[in-house]
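Asks: The structure is given below, and queries will be raised subsequently.
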Amino acid sequence: MKKNQIIDMIIDSELVEPGSVVIVGVSGGPDSLCLLHALWSISDAYNYLLVPVHVNHKLRKEADAEAEHVAMICDKMDLECRLYEADCAAVAAELGISTEEAGRNIRYQIFDDVADELIEEGVDQEKIVIALAHNADDQCETVLFRLLRGTGTHGLSGIPAFRLSASGHPVVRPLIFVERKDIEAYIKECKLKPNIDKSNDDNTYTRNKIRNELIPYLEKNYNPNIKDNLRKFANIANMDDTLLRDLAFSDYMENLDIDADNKRAILKLDEIRDNPPPINTRIISLIFELLDIETLATYENVIDVLDLIYGDKPSAGIDLPMGIRAFREYDKLIFSGDEEKMLPDESIGIYPHVVMSKDFHPDEDTAYAAFDFDEFSKEHPGKIGDIELRTRREGDYLPIKGGSKKIQDYLVDSKVAKNARESILMVCIGSEVLWILPSEHFSDEIIRNKGKYSQKYHISEATERVLYIEITDSI
């Protein structure tokens, strides 16, 4: 393939529109140098503003010299290269991930940062695009790598030609259909001098081993067209996956609440439980992307989340990569880095006192509890001073019609989230619960506003004295 053919493929892909401000990731290797040079060659004709970005990962002794070489190449094109340094080894050690994964995360964050800087400098956000140099051979290697590691249809669809970054900026790959041998021919034809990363020959890295050993072995012993077949397979998987993700996306948007500040996502389950699993697996995949754990999540992670969606356990939970936990709260599935238990409101107090029935005229708009004091005194004589406000204890029970119910069972039946149960305040005498105070954690609107009362000591026409319990501002 000649130089002009690669340029034509870039133009025909329509991934970089005329007038775009193009952030180009440039390692200085053959792929990124080919992309930068090709875009530069047509930048006047298509009114491109090119912004080369090089990230020095500080992993190899040649890294500083390679950064200088990239800057020199850009200077010859009259382009200003934005150079960045990052200690990938330190980041990888801190997060417990590979240096390759750390480098990828750092690069994408820097690309987003550059895009945000350009916007601050006055560039129209709609014109910004991030161009990366992944090629057709990278696509093959990625599909094989994910297949060997374990992945779903979305993973087998390989590297997308277009996607949005974590900050919502377009990421495009104009060379994704260009083979590496054609890129090398372009480099030779244009007499370019790329950086050569010698670590690409180190087969201790799985991806290098796939590139240097597995694919040549498959070409020689099984099918000389294996790379072409893998690319076709990725395209087919991408079409199927795109359809299913489009079907899932409306449910994802309608049933997901996002708390970006606290890195929490809450998925409402009532409607999506009727979805077939292939739709819900795509919703899970979209949530994993939102939480930035998609590349670390496994098949088992997806199946475990499906079990939470379709299962009967109202308070089940599982651990996911990067310290994320998914847990059920009845009709909700919460993804969070912190399943912190909620605490009671310590500013609340109670005021139990006795009033004559004829003088009992409470404000019906406020929450209060009222009982027949004389009936109460038959079981608890002289014990009004023992009435206390507290959270639940072992052995607590609530009198109901025909008997009593353990507080634990009542809270479960009322669908109070497991991590919220210790925040529920109750008015008690001994282990007997007189009044469960109002709380937003109850699903029933009346209980949310008024609370739940003991079914003993009812006020009747014969009641002479009322045990009146009010909520006060402080204990």
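Asks: What do you get for Rg/Rh over region 231-336 if you use C-alpha atoms and the Kirkwood form of Rh?
Replies: Numbers: Rg = 13.6 Å, Rh = 14.1 Å.
My calculation of the ratio gives 0.96.
Asks: Out of all Cα-Cα pairs in the chain, roughly what percent, to the nearest whole number, are more than 27 Å apart? Working shown, then result.
Replies: Details: 74589 of 112575 pairs.
Value for the chain: 66 percent of Cα pairs lie more than 27 Å apart.
Asks: Calculated from DSSP H runs of 4 or more alone, at -39500 (n - 2.57) each and per residue, what is the 222 nm mean residue ellipticity of the chain, nearest 500? Write down the numbers at each step before the final one.
Replies: On the way: 17 runs with 186 residues, N = 475.
Computed ellipticity for the chain at 222 nm equals -12000 deg cm²/dmol.
Asks: Could you list, by residue number, the cysteines of the chain that have no other cysteine's beta carbon within less than 4.7 Å of their beta carbon?
Replies: 34, 88, 140, 190, 428 - these cysteines have no disulfide-compatible partner (Cβ-Cβ under 4.7 Å) in the chain.
Asks: Residue 120 to residue 206: extension gain in nm, 0.36 nm per residue of separation minus the Cα-Cα distance? Please list the in-between numbers first.
Replies: Details: separation 86, 0.36 × 86 = 30.96 nm, distance 4.01 nm.
Here the segment from residue 120 to residue 206 would lengthen by 26.9 nm.
Asks: Also: So in the chain, what percent of DSSP beta bridges are antiparallel if you round to the nearest 5? Please report the intermediate quantities before stating the final value.
Replies: Numbers: 46 of 62 bridges.
The antiparallel proportion sits near 75 percent.
Asks: Please sort 302-308, 62-68 by packing, taking for each peptide the average over its residues of neighbouring beta carbons within 10 angstrom, highest first.
Replies: Details: 302-308: 17.6, 62-68: 15.7.
Descending mean neighbour count gives 302-308, 62-68.
Asks: A further question follows. Over region 383-475, what relative contact order in percent results from Cα pairs under 8 Å that are six or more residues apart? Write down the numbers at each step before the final one.
Replies: On the way: 118 pairs, mean separation 24.0, N = 93.
For region 383-475, the relative contact order is 26 percent.
Asks: Follow-up question, since we're still on this one. Give the distance, in whole Å, between the Cα centre of region 84-122 and the Cα centre of region 287-302.
Replies: 19 Å
Asks: Compute the Cα gyration tensor for region 151-229, then decide on rounded, prolate or oblate, letting a ≥ b ≥ c be the square roots of its eigenvalues: rounded whenever a/c is under 1.5, prolate when a/b is larger than b/c in the other cases, and oblate in all that remain.
Replies: Numbers: a/c = 1.58, a/b = 1.11, b/c = 1.42.
It is oblate, given that a/c is not under 1.5 and a/b is not larger than b/c.
Asks: Once you sort the root eigenvalues of the Cα gyration tensor of region 64-188 as a ≥ b ≥ c, which label holds: rounded (a/c under 1.5), prolate (a/b larger than b/c) or oblate (the other case)?
Replies: Numbers: a/c = 1.37, a/b = 1.23, b/c = 1.11.
Rounded shape, in that the Cα axes give a/c under 1.5.
Asks: Also: Here is the link list: 406/452; 383/415; 76/193. Which ones come out longer than 22 Å on Cα distance? Mind showing how you got there, number by number?
Replies: On the way: 406/452 14 Å; 383/415 33 Å; 76/193 12 Å.
Pairs exceeding 22 Å: 383/415.
Asks: Shape call for region 164-283 from the C-alpha gyration tensor, a ≥ b ≥ c root eigenvalues: rounded (a/c under 1.5), prolate (a/b greater than b/c) or oblate? Can you show the working numbers first?
Replies: Numbers: a/c = 2.55, a/b = 1.92, b/c = 1.32.
It comes out prolate by the Cα gyration axes.
Asks: Hey, can you rank 285-298, 267-280 by average C-beta count inside 10 Å, highest first? If you can, show how the numbers build up before the last one.
Replies: Details: 285-298: 18.5, 267-280: 14.9.
So the order, starting with the most tightly packed, is 285-298, 267-280.
Asks: Additional query: Which order, highest average first, do 116-126, 220-230 follow once you tally other Cβ atoms within 10 Å for each residue and take the mean per peptide?
Replies: Details: 116-126: 11.8, 220-230: 13.6.
Final packing ranking: 220-230, 116-126.
Coordinate-derived values only; no laboratory data. As the structure is a prediction and not an experimental result, all values here were calculated from the model. Glycine gets a Cβ as well: all are built from the backbone with ideal geometry, and neighbour counts include every protein chain shown.
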